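**Q** Submitted below is the structure of interest, expressed as structure tokens.
The values are calculated or read from the model by the stated rules, or taken from the named source; none is laboratory data. A quick note: this is a predicted structure, and the numbers were derived from the prediction, not measured. Positions of Cβ are generated from backbone atoms using ideal geometry, with glycine treated the same way; all protein chains shown enter the neighbour counts. Side chains are part of the model used for accessible areas, which takes the heavy atoms of the whole protein and leaves out ligands, DNA and RNA. Shrake-Rupley method; radii C 1.70, N 1.55, O 1.52, S 1.80 Å.
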Amino acid sequence: MLNIVLFGPPGAGKGTQAHLLIKKYNLIHLSTGDLLRGEIAEETPLGMKAKSIMDRGDLVSDNIVIGMIATKLDNNPNVNGFIFDGFPRTVAQATALDNLLKEKETSISAMLSLKVNDNELIKRLIERGKKSGREDDKNKNIISNRINEYNDKTAPLKEFYSAQNKLSEIEGIGQVKDIALKLNAVIDRL
């Protein structure tokens, strides 16, 4: 099973590249935000628990998210694999994900990390904000804060996967198709 953690700061192009990888390798996109919304919409026990937490303004615990991921894995036993997008974000989450996948007799195949400098990220997000209307993509200070949060709290995951010899860093600046070819080259070597 091909299980990819697609990684990078906000604006690195993860969504664009995830779409291309899903089509090429017949993978399932596993976005924690989508999972949460889906479980809530279906009013599953985990979804209702998550909704009550979110309604209080609190973050959903790692255990609930891992439970939702487990359900998604169980509901798709014969797929080629998954692209994990937005999860894991911390070493604790990566460890929990590794443990879950081990129970399912699979593992993360690779972490593909898109590298993009901060100035380019800000430029991309402001441009995206103009098109999407997303408020968090319109304000340079908010964008800078999101990038700093990523650098401080999420980027250490690269060390976690590097220690497992699963990290591949790919330059995320250039034509979409050229970046996709670089990602494909890494996956095809797995």
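**Q** Considering only protein heavy atoms and a probe of 1.4 Å, how much of the accessible area of the range 27-169 is carbon and sulfur, as a whole percent?
**A** Its accessible area is 46 percent carbon and sulfur atoms.
**Q** Let me make sure I get this right: for the range 114-190, a, b and c are the square roots of the gyration tensor eigenvalues over alpha carbons, sorted descending. Under 1.5 in a/c it's rounded, otherwise prolate if a/b > b/c, else oblate. Which is it?
**A** It comes out oblate by the Cα gyration axes.
**Q** Okay, moving on. Accessible area per residue for the range 140-190 in Å², computed with a 1.4 Å probe and the full protein assembly in place, what is it?
**A** With the other protein chains kept in place, the range 140-190 gives 62 Å² per residue.
**Q** How about the range 56-158: which trypsin sites (Lys or Arg not before Pro) there are in a DSSP loop, with at most 15 other Cβ atoms within 10 Å of their Cβ?
**A** The qualifying sites are R56, K104, R134, K138.
**Q** Shifting gears a bit: To the nearest 20 Debye, how big is the dipole of the range 42-190 about its Cα centre, given +1 on the beta carbon of each Lys and Arg and -1 on that of each Asp and Glu?
**A** Charge dipole, the range 42-190, about its Cα centre: 420 debye, nearest 20.
**Q** Largest first, what is the accessible-area ranking of H19, H29 with a 1.4 Å probe?
**A** H19, H29
**Q** Given 37 °C and 0.692 mPa s, compute D for the range 1-91 with the Stokes-Einstein relation, Rh being the Kirkwood radius over Cα pairs; round to the nearest whole µm²/s.
**A** Translational D for this selection: 236 µm²/s.
**Q** Can you give the longest stretch of the chain with no exposed loop site, where a site means GluC sites (Glu not before Pro) in a DSSP loop (not H, G, I, E or B) with at most 13 other C-beta atoms within 10 Å?
**A** 106-190
**Q** How much length, in nm to one decimal, is gained on full extension between S162 and L181, taken as 0.36 nm per residue of separation minus their Cα-Cα distance?
**A** 4.7 nm
**Q** Still on this structure: May I ask you to compute the full-extension gain from H19 to I53, defined as 0.36 nm times their residue separation minus their alpha-carbon distance, rounded to one decimal in nm?
**A** Gain on extension, H19 to I53, equals 9.2 nm.
**Q** Only residues of the range 151-170 count here: report those whose backbone N is under 14 Å from the spot 7 Å along Cα→Cβ of E120, or say none.
**A** 169-170
**Q** If you don't mind, there's one more thing I want to ask. According to the square roots a ≥ b ≥ c of the eigenvalues of the Cα gyration tensor, what is the shape class of the chain, taking rounded for a/c under 1.5, prolate for a/b larger than b/c otherwise, and oblate for the remainder?
**A** Verdict is oblate for the chain.
**Q** Between N148 and I173, what is the label-point separation in nm under the 7 Å Cα-to-beta-carbon projection?
**A** About 2.2 nm separates the two model spin labels.
**Q** Just going by the charge dipole of the chain, with Lys and Arg at +1 and Asp and Glu at -1 on Cβ, which of G172, S31, A70 is farthest out on the positive end?
**A** Sorting the options by dipole projection puts first G172.
**Q** Moving on to the next point. Filter K130/K158; K102/K158; K51/K153; K14/K166; K24/K182; K51/K115 down to the pairs with a C-alpha to C-alpha distance above 23 Å, please.
**A** Correct reply: K130/K158; K51/K153; K51/K115.
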